[in-house]
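Each remark here refers to the structure printed beneath this line.
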Ligand SMILES: Cc1cc2nc3c(=O)[nH]c(=O)nc-3n(C[C@H](O)[C@H](O)[C@H](O)COP(=O)(O)OP(=O)(O)OC[C@H]3O[C@@H](n4cnc5c(N)ncnc54)[C@H](O)[C@@H]3O)c2cc1C
């Protein structure tokens, strides 16, 4: 990241994002002595990494304070881990009890409002002041939106289903190994107890794990707004960084995943710096084999290697109509790496991430095939 001029004036949201990532890691993991962050250590790191220009500890403290980041004790200069030191802007809280009430509220409040479900992404964003909604519409009280069941040729996952419930679902464990792998790779059990599947997709974060998995599976998002219900194919759901095809008054009420044909298998393989972290890169694969073990359908989704979750369509096409032997797997993996558009950051260089996608695609394809050959 280039050094910022005029640092004494304002800290941009991009730098705040960067600082949030930095203080979530241990100083010594980033080459700074010590086990806890202090302002002096943070300044040392940020200046060395070129995130901010050379500055005094005091000017960093003032700039952080101005950006809404309250440092616990300026004298000692200790910064607590993560975003716990930050306070969100003021907002009005609404707790509707029916979908109709919720969508009417959202339609009336427009862009000033945000849906609140598990709060595992929204609340940290608000604490960082990357989101400053004037109204929160809490949908946790809406009945009938948390379920996992197979029905009408599809797996139906209610929008308010918690990750922990999806992970423990019997049908998911038996028939949807890609989803089971994905749930286990998300954050940690504390986050998974609250975070919802609807929220994971609606947040539109290319670093989230469900988007790539749902792209590989060919899922459909069911949204309800003040104008009624509509189904959005997952391929057209993610429209930009942290942006989706949802309208401001729409709520994700269900995610539908086509039931797997016999001879199908899937896998999600994620590389993370430490348990619970977002992916450096991850690959989701869902494959269906027909007569003679020829690949009838292949879905490949990539996590955190672009501004949106990526569907590796050329890699998918390279597999269809072939027996996925080692040669075909390596060719598809190369095409998946070419589809990746990563940015260099604390997790690695562009070259490293592209090569990681290649390696993870090989692993995910081999695992998915093994499962498909065993019957799914
Ligand atoms: C420490 C930590 C680690 C994490 N690690 C991972 C990880 O490894 N992998 C991963 O995928 N995620 C990770 N996350 C992010 C988080 O798990 C997901 O983004 C989460 O699933 C979001 O769901 P939520 O219910 O908490 O959404 P919220 O935070 O409540 O909302 C997120 C966004 O989606 C909107 N929204 C929520 N629900 C709906 C709905 N039903 N309809 C319409 N809009 C809606 C909100 O308005 C908001 O914009 C991590 C989070 C934390 C705090």
> Between residue 350 and residue 239, what length in nm is gained on full extension when 0.36 nm per residue of separation is reduced by their alpha carbon distance?
Replying inline: 37.7 nm
>> Modelling each spin label as a point 7 Å along the Cα-to-Cβ direction, I'd like the residue 272/residue 307 distance in nm, to one decimal.
In response: 2.7 nm
>> Classify the chain from the C-alpha gyration tensor, please: rounded if a/c falls under 1.5, else prolate or oblate depending on whether a/b exceeds b/c.
In response: oblate
> Out of 342, 27, 309, any idea which swings most in a Gaussian network model of the chain, alpha carbons joined below 10 Å?
Replying inline: 27
>> Springs between alpha-carbon pairs under 10 angstrom, Gaussian network model over the chain: which of 268, 352, 176 fluctuates most?
In response: 352
> Which of 216, 63, 340 moves most in a GNM of the chain, Cα contacts under 10 Å?
Replying inline: 63
> Spin-label point model (7 Å from Cα, Cβ direction): what's the residue 331 to residue 184 distance in nm?
Replying inline: 3.2 nm
> Stretched out fully, how many nm does the piece from residue 341 to residue 28 gain, at 0.36 nm a residue minus the Cα gap?
Replying inline: 109.8 nm
>> Just to verify a number: FRET efficiency for residue 95 and residue 129, C-beta to C-beta distance, R0 = 35 Å, to 0.05?
In response: 0.90
> With each run of n ≥ 4 DSSP H residues scored as -39500 (n - 2.57), what mean residue ellipticity at 222 nm is computed for the chain after dividing by its residue count and rounding to the nearest 500 deg cm²/dmol?
Replying inline: -10500 deg cm²/dmol
> Given 0.36 nm per residue, what is the gain on full extension from residue 191 to residue 359 after removing their alpha carbon distance, in nm?
Replying inline: 57.6 nm
>> Looking at the chain only, what percent of DSSP beta bridges run antiparallel? Nearest 5 please.
In response: 85 percent
> Under a point spin-label approximation (7 Å from Cα along Cα-to-Cβ), what is the residue 322-residue 370 distance to one decimal in nm?
Replying inline: 2.2 nm
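Bear in mind these aren't lab numbers, they're just calculated from the coordinates by the rules spelled out. Computed from a predicted model, the values in this text were never measured in an experiment. Cβ coordinates were reconstructed from backbone atoms using ideal geometry, including for glycine residues, and neighbour counts include every protein chain displayed.
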